[in-house]
Amino acid sequence: MIKNKSVIAILSFVLLSISSLFSQTHDFGFARNDSVKFTTIDGQTIDLPWLGGINSCQFFEMDLDQNGINDLVIFDKHGGRTLPFLKFNSCGLQKFVFAPQYRESFPPFESWVQSHDFNMDGKMDLYTYTTAGIRVYKNTSDGENLNFTLHSPRLTSNYGSGVPINLFCNSEDYPAIADIDNDGDLDILNFWTLGMYVDYHKSTSIETHGNLDSLDFELETRCWGYFSEHENSNILFLDDECNNKTLPSEKSFRHTGSTLLAYDFFGNGLKDLLVGDVDYPQLILLKNGGTLDSAYMVLQDTLFPNATKPVRLYSMPAASLIDINFDGQVDLLVSPFDPSLNKAENKKSVWAYLNTGTNEFPNFNFHTDAFIQNQMIDFGSGAYPTFCDINGDGLSDMIVGNWGEYDSSEYIGTILKSHYSSSLSLILNNGTPDLPLFEEINDDLGNLRQYNLLGLFPTAYDIDNDGDIDILVGQSDGTLLFLENTAGENNPPIFNTPIFDYSSINVGHYAAPQLFDLDKDGKVDLLIGNRAGKIAFYKNTGTPEIPNFSFVTDFLGGVDVRDYSLSYFGYSTPHFFRYNDTTYLLVGTERGKIHYYKNIDDNLEGNFTLIEEEMFFVRNSMRFPINEGIRTAVAIKDLNNDNLPELIVGNFAGGLTYFSGIQAPPINIDISEAELNSLKIKPNPAHHFFQIITPDQNKLSSIKIYDISGRLIENYIVNMNNKYDISKLKTGIYYCVVHLQNGFLKTIKLIKQE
């Protein structure tokens, strides 16, 4: 009891702190803007430039707009980003239209996600990874609004003891979810705990309960298909006796990390299996020549889907079957699943094969190696933007660095090593002062790719005061390099050979520099973020023509953006800027949150004030955190001459997102304290559902349920029926956090009764 009271007190304090934070006045407002034109280096004006890039993706179908047609959703494993697309098919025009308004409807995903209709109600539900297992969200959309409710926090299976336990799933495995025995419910295939063999978990929902809602499973066999994987390669052994004794010289317990897709590729009524393996680029098709009761793999195709263009995509390709050309036949999409950030292809990483056969007898032919990806800005892995007017035309151009673009892979022994090279891209603004128009004209500015560098992070400034823009570049090893521009004022840049180890500065790892006159003395200073999550300050003690950067502190403003729930690193990417002569700071982070600091001027020896860990954008009077993936970097500039700053966000998926500046919405004038106090839950205690009692339902934003340990249990989208289902919750005490559109929130204790 005392322990629970302590937890409740801590949770209440945290929620009270959040409420106080949200009640502060905002200085800036941002709105996502996908309309600004962008032309690639080959002269192509792309349709979806500002989606933020993609690297390692999974694809699933979902009826987003409730029109009876399944649309497309992409989940990028590198950063956990969900990208929804509506299928547009009218008047001969067929395309996927980015629909970011549906992003907030989805629960958070980790490692992988698949959509399947487990209860056969015509609505796609969601299966996703949870720690060592599988979580399921039920699609509770009402025909107007897309909505999901946690149905099973962790699937269980009877492994033979009679007592269901956790249905194990490794975070590096991508299971196959399909009706394996054709009995009308969805079963699960996954490699067992030690790898090597495939477990077959048969659904017993119909047999046990007579319905499809229970999601009960039992382990039918630990060697489905009678095959096994080699311990140190992607070799598959057929006709295995399933006793771990066959071929003892070649086989033992293996590494984990595989992708599976079960589908009847040969039209014989049996599920075949498509297998991808960690560190390898192939998909191997296993043909099932057994029976519905006993699968038996009789043939393997290592050149899937055809010998002309087999899948060769580093690393650990995962496959999805989705109709992408609107002809009613499933097509094949393949993308890396490798959990590592430094092994996979990252720029041409979405291979698409069109089905020229039928769903019963598919025939896949290569279509593109960059499906949708070729319509967005994508620099590989990492995108680090900075603004400057490099050609002196009065418009703000961009220079963008990256962590690296995939080059090749090799095996050192049995270990996969992939090679990347980093570069700088020059993107000119060829628009007007009121309407930017961006065009990439150079993807290797300064010819840095030849040096095989990693993690190039640029900052641009006329550092020697000679009238042209120079570039200082951070590297993954913590040092800086200098590119001196000798072109002269208003000329296309000409850079000297780079000067490495500039000023002998080293901040450890992943230097993220910014040239900025922090102390307002008329001389540019040097600020540098780093992997440690802090900011180093080097004051310019020289002159405007000959700077001398003298170390002051490696902990400027007390800024530390590490998130210990993720790692011991922070990957801080600072961006100081001035608005109405006041200095502000935005900092990108490893987790992706964009931290916002004030109280900087005349306080360089003190601690800056953290206003928000997550910058917000506004849509339809509602505020949403900017969530563009991991290892973010930002740049701010007024790009349309309206005295409001635009925000460009880069991320590790290699793309950019554009946010227009808007007037910061008021957050404490549209609801009175009396209205806030009158907000209640009814009934409470509740049995099956509850309602929110408030003078104005339109002022609600979202409703979240936490257990007493502070764990998020349910995340409801506000609905006009004002009924929120809690029938799946166990009896006990919960906390209901009601979020309002003005940023306020109220916490109410909720008691769930049987």
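The values are calculated or read from the model by the stated rules, or taken from the named source; none is laboratory data. Being a predicted model, the structure only gives us computed values, none of them experimental. FYI the Cβ positions are ideal-geometry reconstructions off the backbone, even for glycines, and counts take in every protein chain you see. Side chains are part of the model used for accessible areas, which takes the heavy atoms of the whole protein and leaves out ligands, DNA and RNA. Shrake-Rupley method; radii C 1.70, N 1.55, O 1.52, S 1.80 Å.
With θ taken as phi - 60° and the coefficients 6.51, -1.76 and 1.60, list the Karplus ³J(HN,Hα) couplings across segment 183-189 in order, rounded to whole Hz; mark glycine and proline as x.
Couplings: 9, x, 10, 8, 9, 9, 10 Hz.
Expected output is a single nm value to one decimal: the length gained when fully extending between Q663 and N182, i.e. 0.36 nm times separation in residues minus the C-alpha distance. What is it?
Details: separation 481, 0.36 × 481 = 173.16 nm, distance 5.68 nm.
Gain on stretching Q663 to N182: 167.5 nm.
Quick one: if you stick a label point 7 Å off each Cα along the C-beta vector at I499 and D521, how many nm between them?
Going by the 7 Å Cα→Cβ label model, 2.0 nm.
Apply the Karplus curve 6.51 cos²θ - 1.76 cosθ + 1.60, θ = phi - 60°, to the phi angles in segment 124-139 and return the couplings in whole Hz, x for Gly and Pro.
Karplus-based 3J(HN,Hα) across segment 124-139 equals 6, 9, 10, 10, 8, 6, 10, 3, 6, x, 10, 10, 10, 10, 8, 6 Hz.
What does the charge dipole of the chain about its Cα centre add up to, to the nearest 20 debye, if the Cβ of each Lys and Arg holds +1 and the Cβ of each Asp and Glu holds -1? Could the numbers behind the result be given before it?
On the way: 52 positive and 97 negative charges, 471 e Å.
Magnitude of the dipole: close to 2260 debye.
5 Å is the cut-off here: which amide hydrogens, built 1.01 Å from N in the peptide plane, fall below it relative to M62, excluding neighbours closer than 5 in sequence?
D71, L72, V73
Between L238 and E545, what length in nm is gained on full extension when 0.36 nm per residue of separation is reduced by their alpha carbon distance? Please report the intermediate quantities before stating the final value.
On the way: separation 307, 0.36 × 307 = 110.52 nm, distance 7.19 nm.
Going from the current span to full extension adds 103.3 nm.
According to a simple spin-label model (label point 7 Å from Cα along Cα-to-Cβ), what is the distance in nm between D464 and L303?
Each label point lies 7 Å from its Cα, and together they span 5.8 nm.
May I ask you to evaluate 6.51 cos²θ - 1.76 cosθ + 1.60, the Karplus curve with θ = phi - 60°, for each residue of segment 495-505 and list the ³J(HN,Hα) values in order in whole Hz, giving x for glycine and proline?
9, 5, 4, x, 9, 8, 6, 4, 6, 6, 8
Points 7 angstrom from Cα along the Cβ direction at E605 and N430: gap in nanometres?
Distance between the two pseudo-spin positions: 5.2 nm.
Tell me which residues come under 5 Å, amide H to amide H, from I626 once H is placed; ignore anything under 5 positions away on its chain.
Distant-sequence amide H within range of I626: M615, F616, F617.
Pulled fully out, how much extra length does the chain show between D47 and H688, if you take 0.36 nm times their separation in residues and subtract their Cα-Cα distance? Please list the in-between numbers first.
Numbers: separation 641, 0.36 × 641 = 230.76 nm, distance 4.60 nm.
Taking D47 through H688 to full extension adds about 226.2 nm, to one decimal.
Which residues does the label zone of F361 cover in segment 254-285, counting backbone N under 19 Å from a point 7 Å along Cα→Cβ?
263-272
Would you mind checking which residues have amide H under 5 Å from L518's amide H? H placed 1.01 Å from N; only 5 or more apart, or other chain.
Amide H neighbours of L518: D525.
Considering only DSSP beta bridges where both residues belong to the chain, give the percentage that are antiparallel (nearest 5).
Values: 177 of 185 bridges.
Rounded to the nearest five, the antiparallel share is 95 percent.
For D407 and T731, what is the calculated FRET efficiency with R₀ set at 41 Å and r taken between the beta-carbons, to the nearest 0.05? Display every interim value, and only then the final one.
Details: r = 57 Å, r/R0 = 1.40.
So the FRET efficiency works out to roughly 0.10.
Once you sort the root eigenvalues of the Cα gyration tensor of segment 565-656 as a ≥ b ≥ c, which label holds: rounded (a/c under 1.5), prolate (a/b larger than b/c) or oblate (the other case)? Walk me through the numbers before you get to the answer.
Values: a/c = 1.62, a/b = 1.07, b/c = 1.51.
Oblate is the answer for segment 565-656, as a/c is 1.5 or above yet b/c matches or exceeds a/b.
Set the bar at 30 Å for Cα to Cα. Now go through K87/K343; K271/K417; K287/K309; K87/K287; K637/K704 and name every pair that lies beyond it. Can you show the working numbers first?
Values: K87/K343 32 Å; K271/K417 34 Å; K287/K309 20 Å; K87/K287 33 Å; K637/K704 36 Å.
Over 30 Å apart, Cα to Cα: K87/K343; K271/K417; K87/K287; K637/K704.
Ignoring any ligand, DNA or RNA, what whole percent of the accessible area of segment 424-499 comes from carbon and sulfur when the probe is 1.4 angstrom?
Values: 1440 of 3040 Å².
Ligands and nucleic acids excluded, carbon and sulfur give 47 percent.
Show me the GluC sites (Glu not before Pro) within segment 516-607 that DSSP assigns to loop and that have at most 14 other Cβ atoms within 10 Å of their Cβ. Before the final figure, lay out the partial values.
On the way: sites: E545, E590, E605; in loops: E545, E590, E605.
Loop-located and lightly packed - E545, E605.
Output the lone cysteines of the chain: those with no second cysteine's C-beta under 4.7 Å from their C-beta.
Flagged as lacking a Cys partner: C57, C91, C169, C388, C736.
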